[in-house]
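A.B. asks: The structure follows.
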Amino acid sequence: MTRIINEKVDTYSALALYYLIDNKIINDNDKIGNLFDKVILINKDIELRNLIIFKKALYFSDKYSENEMLKILNPVINSESIWKQHSLLLMGDYYFNKKEFVKSKEFFNMITKLSNVNPKIKIDVEKRLNRF
């Protein structure tokens, strides 16, 4: 599977990475992080690249610090990607889990200001904001 990733074929590289993770073939977080970075660099399609960035952040969300999470997600958060709302939601949940409610609320509020938000995400975010 790592050979497939190193062959730099965007679709197959991403699938190979997910296979390695899902089947717990590689458990070393540094290796997984490096493989994510390779797959991100391989992908020319911006939305697919943003999806992989989001999946990397999701995978490491219980392992990485606030700064590391923001470093991963900033390219998506600062874009007009369809994955922006998901990235903001992930960071809102990340802070909520850390009991940093002010930061959590800031990220949830950013979602409400976006145009073309997925209606299910909007309803979910509004419910979360009502908890504050």
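Rule-based calculations on the coordinates, nothing more; no lab input. Keep in mind it's a predicted model, so treat the numbers as computed, not measured. So basically every Cβ, Gly included, is an ideal-geometry build from the backbone, and we count neighbours across all protein chains shown.
A.B. asks: Mind checking which aspartates and glutamates have their Cα closer than 19 Å to the Cα of Lys63? Skip sequence neighbours fewer than 8 apart in that chain.
C.D. replies: Asp22, Asp28, Asp30, Asp37, Asp93, Glu100
A.B. asks: Let me ask you something else. In degrees, nearest 10, range 0 to 90: what is the angle between the Cα axis of helix 84-97 and the longest Cα principal axis of the chain?
C.D. replies: 70
A.B. asks: Across the chain, how large is the tail of the calculated P(r) beyond 23 Å, expressed as a percent of all Cα pairs? Before the final figure, lay out the partial values.
C.D. replies: Working: 3190 of 8646 pairs.
When all Cα pairs of the chain are counted, 37 percent exceed 23 Å.
A.B. asks: Under the rule of -39500 (n - 2.57) per DSSP H run of 4 or more residues, summed and divided by the residues of the chain, what mean residue ellipticity at 222 nm is obtained, to the nearest 500 deg cm²/dmol?
C.D. replies: Details: 8 runs with 97 residues, N = 132.
Result for the chain, helices only: -23000 deg cm²/dmol.
A.B. asks: Turning to a different aspect of this structure: Quick one: which of 31-43, 90-102 comes out on top by average Cβ neighbours within 10 Å, and what's the full order, highest first? Could you put the intermediate results ahead of the total?
C.D. replies: On the way: 31-43: 17.7, 90-102: 15.7.
Highest to lowest by the protection proxy: 31-43, 90-102.
A.B. asks: So, one more: What's the Kirkwood radius of the stretch 69-132 in Å, using all Cα pairs? Don't skip to the end; give the middle numbers.
C.D. replies: Numbers: mean 1/r = 0.0861 Å⁻¹.
Value: 11.6 Å, from the Cα pair sum.
A.B. asks: To the nearest 0.05, how large is the calculated FRET efficiency for Arg3 and Ile46 if R₀ is 30 Å and r is the Cβ-Cβ distance? The partial results should precede the final answer.
C.D. replies: On the way: r = 26 Å, r/R0 = 0.87.
E(calc), rounded to 0.05, equals 0.70.
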